[in-house]
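Take a look at the structure below.
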Amino acid sequence: MILDGKAVSEKRLEILKEKIEESGLYPRLATVIVGEDPASQMYVRMKHRACERVGIGSIGIELPADATTGRVLEAVTRLNDDPDINGILVQLPLPAGLDTTRVIDAVAPGKDVDGFHPCNLGRLFSGSPVFSPCTPQGVMTILEEYKIPIAGKRAVIVGRSIDVGRPMAALLLNADATVTICHSKTENLAAEMQNADILISAIGRAKFVGPEMVKEGATVIDVGINQDEQGRLCGDVDFEAVKGRAGAITPVPGGVGPMTIATLMENTFRAAKMRTCDNNTVW
Ligand code: NDP
């Protein structure tokens with residue numbers, strides 16, 4: 001079974017658009033981008049387009065590549081204080097030399113629709129998330145939409161980053177999976193991966209995962225975004241070689257990627273609702 005993230009995201013965005021219309025709210029997202037990295041610019045443009053589509057207002061703050069950490073913090077503080085802004089997204093990675101941790105920590109937790117603030121990560125790990133990071137939450141949505149059983153299943157995540165691997169582990173644990181996190185120092189990586197009922201790869205290496213690493217019938221989720229030798233977009237998983245062995249698999253493109261943006265939109269609506277309902281007391 002091909003897990004069609006593009007189709008799931010389209011469906012979720014249509015539902016969200018209706019919910020926003022019904023709510024009478026006009027949620028607003030602010031993006032902050034520093035420098036001119038073409039990939040980051042493209043991601044930010046896609047996020048603004050998705051906002052427009054579902055009825056979320058968006059503004060973009062663009063800072064030059066030589067902006068100091070102080071200048072980025074100033075921009076974030078202004079957005080924190082702006083009552084018209086519900087969600088703030090600082091596009092990562094920031095240029096080298098900027099203090100990413102300070103910037104992430106500066107975003108008001110109630111507007112942290114990326115879910116990277118320690119408050120939000122802490123809540124996620126304590127089992128009562130408010131905003132979960134968009135990519136792993138998007139993976140959970142795909143699993144739910146396709147009714148892939150999670151409780152009691154063995155989930156193996158390859159990659160332990162703050163934006164993908166670690167929150168992915170927390171989400172799966174919260175959903176009662178038995179979770180293993182692997183990384184570059186893991187011994188017998190292939191043996192760990194072969195145990196997985198749900199295998200999630202978030203490494204960033206083109207076609208790293210071959211069929212010999214996958215248990216027959218496993219669900220394989222490919223978070224990776226890479227280029228192959230011909231410069232074509234591909235995931236961490238050797239899709240053609242693995243698809244016959246997996247029970248279900250996400251393609252790249254058209255798998256996890258579109259879900260990340262759909263989840264960002266859902267988080268932004270949630271932030272707007274929380275503010276209106278005076279439900280912000282969790283902070
Ligand atoms: P990071 O570089 O932050 O983390 C990569 C992780 O993979 C690290 O934990 C690293 O281990 C581990 N790793 C690297 N090589 C190996 C290896 N040979 N064996 C085992 N583990 C390894 O990347 P991200 O988590 O941010 O992103 C991962 C991939 O997902 C990238 O391709 C990125 O582009 C993509 N991505 C896709 C998104 C989407 O929307 N679809 C969103 C975010 C990311 P160690 O910690 O030991 O160094």
Does Ser126 fit the bill of being among the polar types (S, T, N, Q), modelled with pLDDT of 95 or more and touching a strand residue (DSSP E or B) at 6+ places or on another chain (Cβ under 7 Å)? no
In the stretch 94-107, which residue that is touching a residue at least 40 places away in the same chain (Cβ under 8 Å) and under 21 Å from the mean Cα position of the chain (by Cα) is most open to solvent (accessible area, probe 1.4 Å)? Pro95
Looking at the stretch 151-178, which of its residues are away from the ligand (no atom under 15 Å from the Cβ) and open to solvent by 20 Å² or more (accessible area, probe 1.4 Å)? Ala151, Gly152, Lys153, Arg154, Leu173, Asn174, Ala175, Asp176, Thr178
Of the residues that sit in the stretch 203-217 and are under 15 Å from Glu240 (Cβ atoms) and charged (D, E, K, R), which one is farthest from the ligand (Cβ to nearest atom)? Glu212
Unique residue being more than 18 Å from the chain's Cα centre (by Cα) and closer than 21 Å to Gln137 by Cβ when the list is Thr186, Thr250, Thr219: Thr219
Can you run down the residue pairs with Cβ atoms below 8 Å, 6 or more apart or on separate chains, where the first is in the stretch 144-167 and under 24 Å from Lys185 (Cα atoms) and the partner is part of a loop (DSSP other than H, G, I, E, B) and open to solvent by 60 Å² or more (accessible area, probe 1.4 Å)? Arg154/Asn195; Val156/Asn195; Val158/Ile203; Gly159/Ile203; Arg166/Arg160
Across the stretch 218-233, the tally of residues that are crowded, with 21+ Cβ neighbours inside 10 Å and within 13 Å of the ligand (Cβ to nearest atom) stands at 4
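For every residue, the table says whether it meets (1) touching a residue at least 60 places away in the same chain (Cβ under 8 Å); (2) charged (D, E, K, R).
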position	(1), (2)
Thr178	no, no
Cys182	no, no
Lys185	no, yes
Ala190	no, no
Ala196	no, no
Ile200	yes, no
Phe208	no, no
Ala246	no, no
Glu266	yes, yes
Would you check if there is a residue in the stretch 35-56 being of a type in the set (A, V, I, L, M) and farther than 22 Å from Gly257 by Cβ? no
Looking only at the stretch 47-74, which residues are open to solvent by less than 70 Å² (accessible area, probe 1.4 Å) and over 21 Å from Ile104 (Cα atoms)? Ala50, Cys51, Val54, Gly55, Ile56, Gly57
Out of everything in the stretch 179-202 that is within 9 Å of the ligand (Cβ to nearest atom) and hydrophobic (A, V, I, L, M, F, W, C), what residue ends up being surrounded by the fewest Cβ atoms within 10 Å (Cβ to Cβ)? Leu189
Please work out which one of (1) in the same structural domain as Gly138 (by TED's automatic domain parsing); (2) within 14 Å of the ligand (Cβ to nearest atom) is the condition Ala248 fails and give its number. (2)
Quick one: which residue in Val32, Val44 is in a helix (DSSP H, G or I), modelled with pLDDT of 95 or more, out of contact with any Lys or Arg (no Cβ under 7 Å at 6 or more places or on another chain) and open to solvent by less than 60 Å² (accessible area, probe 1.4 Å)? Val44
Going by the structure shown, is Ala262 closer than 27 Å to Glu52 by Cβ, more than 12 Å from the ligand (Cβ to nearest atom) and small (Gly, Ala, Ser)? no
Taking only the stretch 104-138 into account, find how many residues are under 14 Å from Leu79 (Cα atoms) and within 16 Å of the ligand (Cβ to nearest atom). 2
Taking Gly254, is it within 14 Å of the ligand (Cβ to nearest atom), under 22 Å from Lys153 (Cβ atoms), at pLDDT 95 or above and out of contact with any Ser or Thr (no Cβ under 7 Å at 6 or more places or on another chain)? no
In the stretch 234-245, what residues are of a type in the set (D, E, K, R) and away from the ligand (no atom under 16 Å from the Cβ)? Glu240, Lys243, Arg245
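The values are calculated or read from the model by the stated rules, or taken from the named source; none is laboratory data. Just so it is clear, the structure is predicted and the values come from calculations on it, not from any experiment. Every residue, glycine as well, gets a Cβ built from its backbone with ideal geometry; the counts of neighbours run over all protein chains shown. Note: accessible area is taken over every heavy atom of the protein model, side chains too, but ligands, DNA and RNA are not part of it. Shrake-Rupley method; radii C 1.70, N 1.55, O 1.52, S 1.80 Å.
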